[in-house]
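The values are calculated or read from the model by the stated rules, or taken from the named source; none is laboratory data. Since this is a predicted model, take the numbers as computed values, not measurements. Counting neighbours? That spans all protein chains shown, and the Cβs are built from the backbone with ideal geometry, glycine included. Note: areas computed on protein heavy atoms with side chains; ligands, DNA, RNA excluded. Shrake-Rupley method; radii C 1.70, N 1.55, O 1.52, S 1.80 Å.
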Amino acid sequence: MSAPQVLVLAKTPEPGRVKTRLCPPCTPEQAARIAAAALADTLDTVATATAGARILVVDGDHPAPAGWERLAQRGGPLADRLANAFADTRPVADTRPVADHRGTAAATLLIGMDTPQLTAAHLDAAMGLLGTADGPDAVLGPADDGGWWALGLRQPGHAEALRAIPTSTAHTGRLTLAALRRRGLRVHLLPRLRDVDTAADAHAVAALCPPDSRFALAVAVDVPSAAAVGR
């Protein structure tokens, strides 16, 4: 049984295009450095996890690490780009119908770049569940803001359900879980993690990262504390 593949959905860290909710107190340049650090730490973590293919699904020209595949994001709304990421990385040899959600050859785990506190243990646990014959059909990692930080599917065709779900809302995770269950999938919930959207998020997540990580160091330099902003 082959290990699931991992997709990292990311945006090239360019000022004004990433982490705009950090501004203020950050400048667009500072926000871009925070995003770059989060992405770099995430890619390093995925590289240490036990996985099949590792694929960077990117908006922009950010390069993939050595040994990774790289794929351009396709579509306009985030919901379509998520569904397309699963569709565009589905192995050609996988010809099972969507209804056959017990297959494992094409099992895929998708994560973003907003949870740099992610560990290889988080990923290995998720992929272990997908790669176990009697495991769940899907895994979903809820985020503190109501969204989700990870979605894993034994049969990637079920990601079509994402197209009808509004993204970046306080109900996205709940609606995603309901949509998967309506398809008859058994869903295992992964540990809840906090996304980095605001300055408060950045400081809270940095405290969960190794102090010498790129993200923790970048936050210390580029994200003013609440006390500093109030002065």
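Once both axes come from the Cα atoms, what is the angle between helix 28-48 and the longest principal axis of the chain, in degrees from 0 to 90, rounded to 10?
Helix 28-48 and the main axis of the chain meet at about 40 degrees.
Starting at 0 and stepping by 10 Å, how many percent of the alpha carbon pairs of segment 115-231 end up in each bin?
Pairs per bin, as whole percents: 13, 37, 29, 16, 5, 0.
Over the chain, give the accessible area per residue in Å² for a 1.4 Å probe, as an integer. List each step's numbers first, then the result.
Details: 10090 Å² over 231 residues.
Here the residues of the chain average 44 Å² of exposed surface.
Name the most mobile residue of 16, 67, 131, meaning the one with the largest mean-square fluctuation, in a Gaussian network model of the chain with Cα contacts below 10 Å.
67
Over segment 1-69, what is the relative contact order in percent, taking alpha-carbon pairs closer than 8 angstrom and at least six residues apart?
Details: 89 pairs, mean separation 31.1, N = 69.
With pairs under 8 Å counted, the relative contact order is 45 percent.
Working from Cα positions, state the angle (0 to 90°, nearest 10) between the long axis of helix 78-88 and the longest principal axis of the chain.
Between helix and principal axis, roughly 50 degrees.
As I understand it, the value is the acute angle between the Cα axis of helix 172-182 and the longest principal axis of the Cα atoms of the chain; what does it come to in degrees, rounded to 10?
Between helix and principal axis, roughly 0 degrees.
Could you look at the chain and say what percent of its accessible area is carbon and sulfur, using a 1.4 Å probe and all protein chains?
Numbers: 5790 of 10090 Å².
Answer for the chain is 57 percent, counting heavy atoms of protein chains only.
In what order, largest first, do 68, 149 sit by accessible area if the probe radius is 1.4 Å? The partial results should precede the final answer.
Working: 68 35, 149 10 Å².
Result, largest first: 68, 149.
Take each of the peptides 195-203, 33-41, average the number of other beta-carbon atoms within 10 Å over its residues, and list them starting from the highest. Before the final figure, lay out the partial values.
On the way: 195-203: 20.3, 33-41: 24.2.
Ranking the peptides 195-203, 33-41 by packing returns 33-41, 195-203.
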